[in-house]
């Protein structure tokens with residue numbers, strides 16, 4: 001059964017439902033990250049409406065997310081390539097090693 005958590009973002013309180021996939025603590029942490037980013041943007045803008053701040057904070061967070069995804073994908077591809085090279089090298093090594101057979 002979903003429960004609720006109250007978060008504070010940019011001096012406003014929001015009541016959000018949480019379910020088994022998103023704990024209240026996780027939702028609170030996400031809200032804190034959004035709040036922090038909004039205040040960072042507000043300091044940089046030295047003005048701007050709350051809507052402008054929210055949009056720019058959203059763009060900033062999504063840009064960060066995309067950068068992390070790209071880094072993750074690049075790392076994952078690198079690991080796959082290294083694993084393939086290792087598998088090939090081990091295949092050559094095992095092919096060169098002759099295993100004595102015992103005929104009992």
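At what distance in nm do the modelled label points of residue 11 and residue 79 sit from each other, each positioned 7 Å from its Cα along Cα→Cβ?
4.4
Relative to the first principal axis of the alpha-carbon coordinates of the chain, what is the inclination of helix 24-45, with its axis defined by its Cα atoms, in degrees from 0 to 90 and to the nearest 10?
Result, in degrees: 70.
Candidates (1) 45, 26, 21; (2) 81, 39, 13; (3) 57, 43, 22; which is the computed Cα extents along the principal axes in Å?
This structure yields the entry labelled (2).
Given the -39500 (n - 2.57) contribution per DSSP H run of 4+ residues, what per-residue ellipticity at 222 nm results for the chain, rounded to the nearest 500 deg cm²/dmol? Numbers along the way, then the final one.
On the way: 2 runs with 69 residues, N = 104.
That comes out to -24500 deg cm²/dmol.
Quick one: length gained pulling residue 72 to residue 24 fully straight, 0.36 nm per residue minus the C-alpha distance?
Numbers: separation 48, 0.36 × 48 = 17.28 nm, distance 2.69 nm.
Here the answer is 14.6 nm.
Per-residue counts of other Cβ atoms within 10 Å, averaged by peptide: what ranking do you get for 13-21, 38-46, highest first?
Numbers: 13-21: 10.4, 38-46: 13.9.
Ranked from most to least packed, the peptides come out as 38-46, 13-21.
With springs only between Cα atoms under 10 Å, which of 60, 49, 84 fluctuates most in a Gaussian network model of the chain?
Checking each option, the largest mean-square fluctuation is seen for 84.
Who wins for biggest fluctuation among 90, 66, 51 in a Gaussian network model of the chain, springs between alpha carbons below 10 Å?
Result for the chain, Cα springs under 10 Å: 90 fluctuates most.
Bear in mind that the values in this text are calculations on the coordinates, not laboratory data. Only a predicted model underlies this, so the values are computations on that prediction, with no experimental measurement involved. Every residue, glycine as well, gets a Cβ built from its backbone with ideal geometry; the counts of neighbours run over all protein chains shown.
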